[in-house]
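Trainee: After the structure tokens below, expect a handful of questions from me.
The values are calculated or read from the model by the stated rules, or taken from the named source; none is laboratory data. Because the structure is a prediction, the values reported are computed rather than measured. All Cβ positions, glycine included, derive from the backbone under ideal geometry; neighbour counts span all protein chains shown. For the accessible areas, the whole protein counts, side chains as well, though only heavy atoms, and no ligand, DNA or RNA atoms are used. Shrake-Rupley method; radii C 1.70, N 1.55, O 1.52, S 1.80 Å.
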Amino acid sequence: MEASLPTLWAFGLLLFRTTGLIMTAPMLGARIVPGRIKLAMALVLSMAVYQGAGAPTVPVPATLPGLAGPAMVETLVGVMGGLSARWLLDAALAAGHLAGLSAGLGFSALVDPATGAESTGLSQLLYAGAQAAALSLGIHREAVGWLARAAVAWPPGHPPELGALAAGVVGHAVLAIALAVR
């Protein structure tokens, strides 16, 4: 079976979106997950989502900016989807850090190898609890489901309006900060 160039371009754009999501999504994009596993996950998810979206085709642009622009936009769509979920988990880490500092537990701060940020024992406890809750609620399945729904709603090469998507991501960030402070 020979693949045409528009088919490969559409799959490549979806691969950019999937890679952006996997880089930033909680648990899928954790530092402890090896890069090869992330790459394999991105390829497998892209193939599944591409077929599930009806194997769309996208005309290949003739210029280098025409190639780079859609690739960057698709990556941004995936990154924004992953950040929306990540910030809600990071709210638990920030809340634990604030609670630890106010309880006088800030002297035992250490660098968390998973996030690379300074954290206290209490923040690690809350973050681990939030990760366990997110895992039991299926946040990883929701990320894959969002990717599949987004591929149908916004086919590769036809992304959503980035302003509206960015506004939603900023809204999630503000909600995460408000949860952390509460």
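Trainee: Answer with yes or no whether GLY100 is over 22 Å from ALA143 (Cα atoms) and among the small types (Gly, Ala, Ser).
Mentor: Yes, satisfied.
Trainee: Can you tell which of GLY145, GLY66 is part of a helix (DSSP H, G or I), of a type outside the set (A, V, I, L, M, F, W, C), under 22 Å from the mean Cα position of the chain (by Cα) and modelled with pLDDT of 80 or more?
Mentor: The unique qualifying residue is GLY145.
Trainee: Do we have any residue at all in the stretch 136-150 that's closer than 22 Å to PRO61 by Cβ and out of contact with any Ser or Thr (no Cβ under 6 Å at 6 or more places or on another chain)?
Mentor: So far as the stretch 136-150 goes, yes, one or more of its residues are closer than 22 Å to PRO61 by Cβ and out of contact with any Ser or Thr (no Cβ under 6 Å at 6 or more places or on another chain).
Trainee: Hey, could you check the stretch 9-31 for residues that are of a type in the set (A, V, I, L, M, F, W, C), assigned to a loop (DSSP other than H, G, I, E, B) and at negative phi and say which is farthest from the chain's Cα centre (by Cα)?
Mentor: Across the stretch 9-31, the extreme among qualifying residues is ALA30.
Trainee: Further, regarding this structure: With LEU125, LEU88, LEU83 as the choices, which residue is open to solvent by 50 Å² or more (accessible area, probe 1.4 Å), closer than 16 Å to ALA173 by Cβ and modelled with pLDDT of 75 or more?
Mentor: LEU88 is the lone residue from the list that is open to solvent by 50 Å² or more (accessible area, probe 1.4 Å), closer than 16 Å to ALA173 by Cβ and modelled with pLDDT of 75 or more.
Trainee: With respect to GLY106, determine if the residue is at pLDDT 80 or above, open to solvent by less than 40 Å² (accessible area, probe 1.4 Å) and not acidic (Asp, Glu).
Mentor: So GLY106 fails the test.
Trainee: Okay, moving on. Out of the residues in the stretch 1-40 meeting the condition of being farther than 19 Å from MET72 by Cβ and touching a Leu at 6+ places or on another chain (Cβ under 7 Å), tell me which one is surrounded by the fewest Cβ atoms within 10 Å (Cβ to Cβ).
Mentor: MET27
Trainee: Okay, next question. Taking the stretch 53-74 only, how many residues are open to solvent by less than 40 Å² (accessible area, probe 1.4 Å) and in contact with a Phe, Trp or Tyr (Cβ under 7 Å, 6 or more places away or on another chain)?
Mentor: Total meeting the criteria: 3.
Trainee: Turning to a different aspect of this structure: Please name all residue pairs, on different chains or six or more residues apart, with Cβ atoms under 8 Å, provided the first residue is in the stretch 34-49 and is under 17 Å from ARG17 (Cβ atoms) and the second residue is part of a helix (DSSP H, G or I) and open to solvent by 60 Å² or more (accessible area, probe 1.4 Å).
Mentor: LYS38/MET23
Trainee: Specify the residue that is nearest to the chain's Cα centre (by Cα); the eligible residues are those in the stretch 159-182 that are open to solvent by 40 Å² or more (accessible area, probe 1.4 Å) and touching a residue at least 60 places away in the same chain (Cβ under 8 Å).
Mentor: Out of the qualifying residues, it is HIS172.
Trainee: Do we have any residue at all in the stretch 23-36 that's modelled with pLDDT under 90, touching a helix residue (DSSP H, G or I) at 6+ places or on another chain (Cβ under 8 Å), closer than 20 Å to ALA153 by Cβ and among the hydrophobic types (A, V, I, L, M, F, W, C)?
Mentor: Yes: one or more hits.
Trainee: If you go through the stretch 148-158 one residue at a time, how many are open to solvent by 80 Å² or more (accessible area, probe 1.4 Å) and either charged (D, E, K, R) or not in a helix (DSSP H, G or I) (or both)?
Mentor: Number satisfying all stated conditions: 2.
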